[in-house]
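Engineer: Let me give you the structure first, and then I'll get to my questions.
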Amino acid sequence: MNVIIKNIIKDNKSKIVDAIFDEELKDKLIKKLNSDINIPIIGEETEEKILIALYDAVEEVVKEVIISKI
């Protein structure tokens, strides 16, 4: 890979990862998971709240790992 491109990526890791993990990704992922996962004893709204909490917890760790690898 070109040195200039490598330096651009290195200097902008957080911005690149933040651009990928935006609200659109979160909304689409939560919506898809909520439609595919059904826990009969709780309602859809509660399922969504649980999925959002899980996403928020996992997102930061995934971002850190990606940033450390690029």
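The values are calculated or read from the model by the stated rules, or taken from the named source; none is laboratory data. The model shown is predicted, which means the values in this text are computed figures rather than measured ones. As a convention, Cβ positions derive from the backbone with ideal geometry for all residues, glycine included, and neighbour counts pool all protein chains shown. Ligands, DNA and RNA are excluded from the accessible area calculation, which covers all protein heavy atoms including side chains. Shrake-Rupley method; radii C 1.70, N 1.55, O 1.52, S 1.80 Å.
Engineer: Looking at the range 1-52 only, could you name the residues that are open to solvent by 80 Å² or more (accessible area, probe 1.4 Å) and of a type in the set (Lys, Arg)?
Structural biologist: Scanning the range 1-52 gives Lys6, Lys10, Lys15, Lys28, Lys31, Lys32, Lys49.
Engineer: Right, another one. If you take the residues of the range 53-69 that are surrounded by 10 or more Cβ atoms within 10 Å (Cβ to Cβ) and among the charged types (D, E, K, R), which of them is nearest to the chain's Cα centre (by Cα)?
Structural biologist: Among residues in the range 53-69 that are surrounded by 10 or more Cβ atoms within 10 Å (Cβ to Cβ) and among the charged types (D, E, K, R), the one nearest to the chain's Cα centre (by Cα) is Glu59.
Engineer: On to the next question. Just the residues that are among the polar types (S, T, N, Q) and without any contact (Cβ under 8 Å) to a residue 40 or more places away in the chain, please, taken from the range 1-59.
Structural biologist: Within the range 1-59, Asn2, Asn7, Asn12, Asn34, Ser35, Asn38, Thr46 qualify.
Engineer: Go through the range 1-49 and report how many residues are part of a helix (DSSP H, G or I), more than 20 Å from Val62 (Cα to Cα) and not charged (D, E, K, R).
Structural biologist: Looking only at that region, the number is 8.
Engineer: Looking at the range 34-52, can you tell me whether even one residue there is under 26 Å from Ile70 (Cβ atoms) and among the hydrophobic types (A, V, I, L, M, F, W, C)?
Structural biologist: The answer is no; no qualifying residue exists.
Engineer: Any idea how many residues of the range 34-56 are at pLDDT 95 or above and among the hydrophobic types (A, V, I, L, M, F, W, C)?
Structural biologist: Going through the range 34-56 one residue at a time, the tally reaches 5.
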